[in-house]
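Novice: Can you read through this structure? Questions will come right after.
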Amino acid sequence: MEERKLAVRKIQLHPEKCTGCMVCLMACSLKYEGVVNPLKARSKIIKNGEVVSKILLSPDCTFCGLCCSVCPYDARVLKEVS
Amino acid sequence: MEVYGYAGKVLRLDLSSGSIQTEDLDMDMAKKYLGGQGTNTKLAYDMIKPGVDPLGPENVVLLGAGPLCGTPAASATKVMMTTKSAINGSIGTAGGCGFAPMLKWAGYDGIVITGSSPKPVYLLILDDEIKLCDASGIWGRDIFESTDILREKHGKDASVICIGQASENLCRISLAFIDKIAHLGRGFGAVLGSKKLKAIVVRGTKGIKIADVDMFYKMFDSLMSRARGDRGRPRWIKYGLEAVVEPWFDNGLILVNNRRKVPDEKEMKAKFGMKAWDEVLELHPWAGPSCITCDKVVAKIKKGEFKGLETTASFTPALGTAFGPSFNMSLNRAVKCHDMFQRYGLDELDGAYLMDLVVDLYNNGLISKEDLGMEPKYNFETVVEATEKIVKREGFWGIVADGIPAVLEKVPGADEYAISQKGLIEYFDGRMILGVETFADAMLNPRGGQTLALVRSPSTAMPGIARAAVEGVIASSYYIPAGARRRIFPAEEKETWNVPRLARYVQDINTGYNCLGVCYRFIIGRIWNPVIAGAVYYAVTGTAMSAEEFMRISERVFNLQKAANIREGFDRKDDGFPKRWLTEPVKWGEKEIYLQDYTRTRYIDEKGAKAMLDDYYDERGWDLKRGIPTKGKLVQLGLPDVAADLEKRGVLEVQ
């Protein structure tokens, strides 16, 4: 029988690399809500003035990793920990 | 019916009566003109009566969000504003980063603004809740302050187009700002000021549907991998176009003393180069929604004079070089001047050049200390004092506030000193660089000098790029028929190539991206091409568009814009180089640099300039004598009604 290990997925967030382009949030809303709108995403980008200060994940984030795969600035990275 | 890509609605606001209406987007029009600049230009042609006062209630403002805006399509972030310019009376489109996606998320592809409000107002759009609000609390405040107040009130994530005191006071050289950073410029801010429309605030909670999500991501990945393949990308992201400022200094592209002299390149690089930036500024890259290689920054002075000052820069070289080299000041002081312009909403390109021109006119005795209420010099104090006087329109500075044409009208003999194209200054001087960008703007842009994004693909805003390299970029990011390619790159010549003939296709493709809402700064422009544009458009909207069709629509919109300007009286007499480019050299140390072609293999005189115009009109299939589209060309592009209108007005010769 195939041995299966439980994989834990983690999203590393690097707000200092985030430029606020919201491609991640657009992809998330499209996948889970069927339409593009960052306000519908399961994540948020918080700005202090015009500069990104924090990236937040909602409790309903599934860690699917789509946001990480589309981020143009490597501000989100999906890690799989066995 | 399901609508993909487009939001499907347009908003109509009449400021005179206060009426607000929504209507369905005319999908036939959307198919013919795509959106953004395309649908805006069609509406402008139909709605702006020839000869109206740009600052009168009859002028119309069109805001358009292209079909790709509001999706994560790479860098589809630009809103297009079309109106009649307050500086030179041309009809054209300014594009700026942002606002368009949020407008789409609120459910609208565009806004049509007519009339003029009796008192200061701002337009608030929260999905279906749309109202005109009293702007007395923010009228008189600067752009940064006003935007912050509006966001505090209506949502921190709202997108805001806002004008500053310069536009309120009807300074024609003012700009509207998008989200405190991007510009809608060259005579457009004052139009909003004349309508007493301080701001447009939008926050949308709806969404845009994508027709074929799988195909969309395939295209996204392909664009992303083309972008990541650019070795210079990390540098663009950190510094924006400042990343090329040092080579600009090396090649003498930034001039001083009313464009007479190249400053010492070593000194300039030490004062305004990247090392100086790293020492003085804390930089935060800023991207508009969906921009995958941003080139804007939020900058903070971390050391020295004005420490703690935080400002924004859309065109990052402006931080140091808009005022620094010409007015002999430090980077810190140059950033301070830039910040004043940002907050008041003044156009740095026109404003900095006009101040330079005023000092020159004063030094040559054409205007007096009494006229100016000050003694102008090439220094920091002059810029600060003049900026305040321009915004308040004090004395002669009220004329400066209206741009180069106003100064030429009031100061006899000033035309011997000023450099302008249709009343606007061009960023680069043709004598130092005559690439496609400079040529297309400096001679032939229907709106006037430098109104398209500076430095576009194929990026001949830098001298010495080999013909083979230009051909390579053209092959990968353009779609030009083989016959035209042979005319642009003649087989019998090895080094040289035909800039005017290529200019046509550069103008067209840029117009096409403006219709879709996609950025075409060269770091983005060279990853897109008409084939990709067609594929992404199909994935987003579900409607097929071939590369040929994209180029045809682009050409249609460009010709329509030209037609709108023919009605305003523009034709071949208005095209051509600024006079001083043809008559006077630039001093570079001991050398004297005269106007020459891009490859610097031949000098250009009046005759050569005429031949360049002829080549361009010929490539466009236009009437060479008058420099305007022929009836046949307009009909071929699906604009027979425009041809008939121009014929009726007697501005199109019957063939």
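The values are calculated or read from the model by the stated rules, or taken from the named source; none is laboratory data. Nothing here was measured: the structure is a model prediction, and the numbers come from that model. No Cβ is skipped: glycine too gets one built from the backbone with ideal geometry, and neighbour counts run over all protein chains shown. Just so you know, the surface numbers come from the protein's heavy atoms only, side chains and all, with ligands and any DNA or RNA stripped out. Shrake-Rupley method; radii C 1.70, N 1.55, O 1.52, S 1.80 Å.
Novice: What's the carbon and sulfur percent of region B:66-201's accessible surface, probe 1.4 angstrom, rounded to a whole number?
Specialist: With neighbouring chains kept in place, the figure for region B:66-201 is 48 percent.
Novice: Let me ask something else. When the helices in the protein assembly as shown are scored as -39500 (n - 2.57) per DSSP H run of 4 or longer and the sum is shared across all residues, what 222 nm value do you end up with, to the nearest 500 deg cm²/dmol?
Specialist: Computed ellipticity for the protein assembly as shown at 222 nm equals -11000 deg cm²/dmol.
Novice: I would also like to ask the following. If a cysteine in chain A has no other Cys Cβ under 4.7 Å from its own Cβ, put it on the list, ordered by number.
Specialist: That list is A:Cys18, A:Cys21, A:Cys28, A:Cys61, A:Cys64, A:Cys68, A:Cys71.
Novice: State in Å² the accessible area per residue of chain B; use a 1.4 Å probe, count heavy atoms of protein chains only, and round to the nearest integer.
Specialist: 33 Å²
Novice: Students often get this wrong, so check it: of A:Lys10/B:Lys300; B:Lys78/B:Lys494; A:Lys17/B:Lys302; A:Lys44/B:Lys180, which have C-alpha atoms separated by over 29 Å?
Specialist: A:Lys10/B:Lys300; B:Lys78/B:Lys494
Novice: Something else about it: Just give the residues from region A:25-39 buried by at least 40 square angstrom of accessible area in the all-chains context relative to the isolated chain, probe 1.4 Å, and say none if nothing qualifies.
Specialist: A:Met26, A:Leu30, A:Val35, A:Val36, A:Asn37, A:Leu39
Novice: Turning to a different aspect of this structure: How are the C-alpha pair distances of the protein assembly as shown spread across 20 Å bins, as whole percents from the shortest bin up?
Specialist: Calculated over all Cα pairs of the protein assembly as shown, the distribution is 18, 55, 26, 2, 0 percent.
Novice: Another question, then. Once amide H atoms are built 1.01 Å from N in the peptide plane, which residues 5 or more positions from B:Gln596, or in another chain, come under 5 Å H to H?
Specialist: Here the answer is B:Ile604, since their amide H atoms fall under 5 Å of that of B:Gln596.
Novice: Something else: Less than 10 Å Cβ to Cβ from B:Gly193, Lys/Arg counted +1 and Asp/Glu -1: what total charge do the surrounding residues give?
Specialist: Around B:Gly193, the charge tally is +3.
Novice: Under unit Cβ charges (Lys, Arg +1; Asp, Glu -1), what dipole magnitude, rounded to 20 debye, does region B:264-340 have relative to its Cα centre?
Specialist: 140 debye
Novice: Find out how many positive minus negative residues lie around B:Tyr479, taking Lys and Arg as positive, Asp and Glu as negative, among other residues whose Cβ is under 12 Å from that of B:Tyr479.
Specialist: Taking every Cβ under 12 Å from that of B:Tyr479, the sum is -2.
Novice: Between chains A and B, what is the buried accessible area in Å², counting both sides, with a 1.4 Å probe and ligands, DNA and RNA left out, to the nearest 100?
Specialist: Using a 1.4 Å probe on protein heavy atoms, the buried area is about 2300 Å².
Novice: For chain A, count all C-alpha to C-alpha pairs, find those more than 17 Å apart, and express that count as a whole percent of the total.
Specialist: 46 percent
Novice: Moving on. Dipole of chain B, Cα-centred, from +1 at each Lys and Arg C-beta and -1 at each Asp and Glu C-beta, to the nearest 20 debye?
Specialist: Roughly 680 debye, rounded to the nearest 20.
Novice: Direction-averaged shadow area of the convex hull around the Cα atoms of region B:1-83, nm²?
Specialist: 6.3 nm²
Novice: Let me ask something else about it. With θ taken as phi - 60° and the coefficients 6.51, -1.76 and 1.60, list the Karplus ³J(HN,Hα) couplings across region B:26-31 in order, rounded to whole Hz; mark glycine and proline as x.
Specialist: With coefficients 6.51, -1.76 and 1.60, one gets 6, 5, 5, 5, 4, 5 Hz.
Novice: So what J values fall out for region B:634-640 if you push phi through Karplus, 6.51 cos²θ - 1.76 cosθ + 1.60 with θ = phi - 60°, rounded to Hz, Gly and Pro as x?
Specialist: These are the phi-based 3J(HN,Hα) values: 5, 5, 4, 8, x, 10, x Hz.
Novice: Continuing with this model, one more query. Under a point spin-label approximation (7 Å from Cα along Cα-to-Cβ), what is the B:Phe306-B:Glu282 distance to one decimal in nm?
Specialist: According to this spin-label approximation, the distance is 1.7 nm.
Novice: Please give the per residue volume of the convex hull enclosing the alpha carbon atoms of chain B, rounded to a whole number of Å³.
Specialist: 143 Å³
Novice: How big is the dipole moment of the protein assembly as shown about its Cα centre under a simple scheme where the beta carbon of each Lys and Arg is +1, that of each Asp and Glu is -1, and everything else is neutral? Debye, nearest 20, please.
Specialist: 1300 debye
Novice: Something else: For region B:358-371, in order, what is each residue's ³J(HN,Hα) by Karplus, 6.51 cos²θ - 1.76 cosθ + 1.60 with θ = phi - 60°, in whole Hz (x at glycine and Pro)?
Specialist: These are the phi-based 3J(HN,Hα) values: 4, 4, 5, 5, 5, 4, 9, x, 7, 9, 10, 4, 5, 4 Hz.
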